[in-house]
Amino acid sequence: MRQYFTSLQVFLAAALAMVVFIGILWVEKSNFNKVSDLEDPYESAVLINERVVVNGTEARSWLHKTGEIFILMPGGKLNMTNQARELEEGVLFLNSSLQDQADIDQAKVGFSAPFALGEARLSGGQIKIGPIVVSIPQGVAVLKRDLVRQEAIIYAHDHPVYIYLPSATEPFLVPAGYMVLVKENRATLLAPLYFTKLKKELKLEPLDDKTLGMESVQSALLQGIELSRLWEQQVILYAEESVVALNRFAPDSVMGKLLNGLYFIQRFYALGVDDNFKDEYGYKKLTAQIRNVYFAFADADLERALKAAQEFTEVRGGADWARYFIETPTYKKIWSQFAKQQRVWFYGAFPDDREVEVLKVLWGPKNKIVSFEDFQDNYFLFETYYAQNYIVPAQRELQFILDNFTNLDYDLIQDSRNITQARRQVSLLLQRDAQRSNSLIFELYIELVEAERLLRAEESELGQEVRLEVAQELLYFLDKLLDSRTRQDEVIILLKAYKNLDIGSLAESLGRSVFNEKERETLNRVQSLENLTEEDMAMIRADNVTAEEVKNLREQLRNQAEQIIAAGPTGVQTIEDLTDFFLKREILTQGMRVQINEKDDNKFMTFNQASYNGYPLQGTFETERQKFSLIKLGEITETRATASNFSAFLSQMLSANEKLRNDDKPEVVDDGPNNGTSTAILQRRNILKLLEQQGISAKFDNILLTNDKLTKATVRQASFEKKYLLVLDFDIGPPIRIRNVTVEFGRSSILLAGQVFPLETLQADLLKAIEAKLEEVNLDSGA
C-alpha cells in the first residue's frame, strides 16, 4: 500500500511538473505572440494607388507601405497610380529613411546607362518629375515642380540625392544641404555635359536663409522634419517594446535554457504545438543572441551585451541563417521588419548613449573598410551625425574612416566613378561649411583625391578633366584659407595634393586655357607663399613624410603667412578675419551675412544672422578703430564694445537676455492642451529618457511642454547626483540645449544664469558648473 502511494506521489509530482513546464512554455509562446499585438507604426501605413490632389489649405501626409513619409503641400498633384510615382505639380516632402532595405538598395543601384525614362521602373525612394527621375535612397528631400515655368527644384537635406537626366550615363549627385534647378526643356541637352559645367547649368548651390524664393521649400522641410521625427520616435518605442516581447526570459538564463530544452523535445515529439512550431523554434534559436543583447541592456551589463552582439553577427553570417530564411519566407518577412525597426532605433539614437556601441555592432556599418560599400556605410553614419549637429560623434566616425581608409581594396571598386562621386560629396560639404569643417574632413578629401588619381590614371581625356576639376577645388580652398592664421594645418594638407597633381602643367596637357582670373591669382599667391626648395617639394610629395618634417614645414609656412599679414593692416580687416574672430568666441557664423561699406581708409562691416547661445547677433564693425559701432545680441544693444573687450561685453549682454527671458516666461499650466495628447506624451517620454541617459531622473508628471510646437519644456524636481534637485528648461532643437538651470540642495539654491548646456555633455558640464558656482559662493562667504 505504501509502495502504491509512493508511486502515486511520484506520478502526481511528475504530472504536476509537466503541467508547470507546459504552462511556462505556453506563457513563453503567448509572450512571443505579443509582438503582433503591439501597436506597430508600420501597420498604419497605407498603399496609395491614386492621383493625389491637395486643393485646400492643409497639406496631406501619410506613411506609405514602403516606409516612405510623404507630405504633399497645398496645390500639389502627385500621381501614384500603377507605380507612376510622378510629381505633376507643387511641393512634395519625401523621407525615405524608414523604408525597406530592398528599396534602399534598389535606389542606390539606380538604373542602367544610358538612362531611358520609358524603361525605368520606379520603386521606393524614387520620384519622376517631367523628363527626369529623382532617386532618394535613404534620407530627406524636398521636390518642387512649377508647371508654368516648366522647371523643377530638388533639395537634398541630410543625405545625397541622385538625378537621372535623359540619356545620361551616370546620375548627377546633389549632396546634403544643396539644391538644383532643372529647366525641363533643356534636360535632354544636359547629359553630355561634364560635371563642372553641369553643376553651373543646374545652379547647384546650398539652401540657407540667404536663398531667395525658396520659402515654400523651406516651409515644407520644417513641417516634414517635425512630422518625420514623431513617426521615427514611434518606431523607436515600438522597437524597444518588441524586443522585450520576444522573450520573458533571457535565452542564456537558467529558465531560458530550460525552455529551450523543452522546445527541443517538443520539436521532435510535437506535444501540443501547431504546424508552425518548427519554424518558430528555428527563428528563436537563430535570434537567441540578439535577445541576450537586450536582456543585458536591461541589466546594465554592456560587456555581456557586446559579447552577445558579436556572437550574433557570426550567426547572421553563417550558412544556417541563409538556409533558414530561404525555407521560411514568413519568418524572413518578420525578421526584415524587426531589423528595419532596430536600424531606425540605432540611427535615431543619441550617439553617446552607452548602448550605441553595441547597437552599432548589430545595425550599424561594418567595423572595417575594405570595399567601397563599407566606406559608403561608414560615411553615411558620419553624415547622419553631422546633419543633426552631433559634432563630437561625427568627428569620431570621421576619424575611424581615416584610420581605416588605407585598407580600402581598390581591386574591389568596379567603377572608378564611385570614388569621384564620393570626392565631390566631401568637396561640396567643405565648400558649403568650410568654417565649421576641420582638418579631418580635409584629410578625407585628400585621401579620396589620391584614390581617384590612382584609379583613373589610365583614363586619358576624362582623367584630365577630373584632374582639372580637382585642381579648381584645391585652388578654391587655398584661396579661402591662405590668409587665415588658424587654418595652416589644412593649408599643409592641400599643398601636398597640389604638388601631387602638378597643377601648373594642366593647361599644357589639355591644350587650352583652364583657369579663370581668380584661380590664376590664387596660383600666383600659392607659388609666392610657398617659396619652398626642391627638397621641400619632394618631401610634400612623399607618402612617408614624418610628423617632425610636417611640423617644420608647417612652421615655415606659418612664419611666411605671418610676414604677409604683418605687411598689411592688423586686426580684423576682412570677412574671413571677422568670421575667425567670432568662431574663437564660440559664435555661430553659419549663414552669417556681411555687407562692407568703405569710407576713406575705413571699412564698415555690417553683419547679421550670426548667433550666440541661441540668441541672434548683429551689428557693425569698424576696421580702422577695431570697434563695434553697434552690436545687438537678442534684445540687448551696445555701442561701446571694442575687439579687445568684446568677450566681456558679450557675457554681460547674454546675462541680460537670460534675465529678460526669465522675467517674461509664461506660466505653465499642468493640464494644458499640449501635455495630454498622444504626441505630447510621446515627446515627454522622449525627454525623460534623454535626461536619464545623462544621470538626471525626473517624474513624467514633472515634465511640462510649454509651446504649441512641442519643442520646449520645463522640467521640475529632477534629481541629480542624489543630492541636487533641478529645475530646467529643455529646448528640443536640434541641437538639444538645456537652459535656465536652478539647483536646490538642502535649504539653499543657486541659479546657473546665462549658461547653456548641450545634451551630449550635460552630466559632466552641469556637475562642473555646479561645483564652480559653489566654490564661488564659498569664496564670497569667506570674504
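Rounded to whole numbers, the Karplus 3J(HN,Hα) couplings from phi for segment 610-619 are 8, 8, 9, 6, x, 9, x, 10, 8, x Hz, using 6.51 cos²θ - 1.76 cosθ + 1.60 with θ = phi - 60°, and x at Gly and Pro.
When Rg and the Kirkwood Rh are both derived from Cα coordinates, the Rg/Rh ratio for segment 127-236 amounts to 0.99.
Highest mean first, the peptides 321-334, 123-136, 630-643 sorted by other C-beta atoms within 10 Å per residue fall in the order 123-136, 630-643, 321-334. Using θ = phi - 60° in the Karplus curve 6.51 cos²θ - 1.76 cosθ + 1.60, the 3J(HN,Hα) couplings for segment 70-85 round to 9, 9, 9, 6, x, x, x, 9, 10, 8, 10, 6, 6, 6, 5, 6 Hz; x is entered for Gly and Pro. Under the rule a/c < 1.5 gives rounded, and otherwise a/b versus b/c splits prolate from oblate, where does segment 285-431 land using the Cα gyration tensor? Taking the square roots of the gyration eigenvalues as a ≥ b ≥ c, segment 285-431 is oblate. Scaled against the 2.2 N^0.38 Å expected of a compact globular protein of N residues, the Cα radius of gyration of segment 575-663 reads 1.05. Put +1 on the Cβ of each Lys and Arg and -1 on the Cβ of each Asp and Glu in segment 575-663; which of Tyr612, Ile636, Phe649 then has its Cα farthest toward the positive end of the dipole? Farthest along the dipole direction, towards plus: Ile636.
The packing ranking, built from the mean of other Cβ atoms within 10 Å per residue, places the peptides 606-612, 399-405, 67-73 in the order 67-73, 606-612, 399-405, highest first.
Ignoring lysines fewer than eight residues from Lys659 along the same chain, the ones with Cα atoms less than 28 angstrom from its Cα are Lys584, Lys627, Lys632, Lys699, Lys709, Lys712, Lys723, Lys768, Lys773.
Applied to segment 187-202, the Karplus parametrisation 6.51 cos²θ - 1.76 cosθ + 1.60 on θ = phi - 60° returns per-residue 3J(HN,Hα) values of 4, 5, 8, 8, 3, x, 6, 6, 3, 4, 7, 5, 5, 6, 4, 8 Hz, with x for Gly and Pro. At R0 = 25 Å, how high is the FRET efficiency between Thr711 and Lys197 if r is their beta carbon distance? Nearest 0.05 is fine. Plugging the Cβ-Cβ distance into 1/(1 + (r/R0)^6) gives 0.05.
Roughly how many nanometres apart are two label points built 7 Å out from the Cα toward the Cβ at Asp320 and Phe581? Those two pseudo-labels are separated by 6.8 nm.
In this structure the amide hydrogen of Glu355, modeled in the peptide plane, comes within under 5 Å of no amide hydrogen from residues 5 or more places off or on another chain. A simple spin-label model places the labels of Arg396 and Val46 4.1 nm from each other, with each point 7 Å out along Cα-to-Cβ. Fully extending the segment from Lys768 to Gln83 would add 240.9 nm, taking 0.36 nm per residue of separation and subtracting the current Cα-Cα distance.
A cut-off of 5 Å between modelled amide H atoms, ignoring neighbours fewer than 5 places along the same chain, links Thr706 with Lys712, Ala713, Thr714. The label-point distance for Ala298 and Lys332, in a model that sets each label 7 Å from Cα toward Cβ, rounds to 3.1 nm. Packing, taken as the mean count of other beta carbons within 10 Å per residue, orders the peptides 214-220, 194-200 from highest to lowest as 214-220, 194-200.
Each value in this text was obtained by applying a stated rule to the coordinates, not by laboratory testing. As the structure is a computational prediction, the values presented were derived from the model and not from experiment. As a convention, Cβ positions derive from the backbone with ideal geometry for all residues, glycine included, and neighbour counts pool all protein chains shown.
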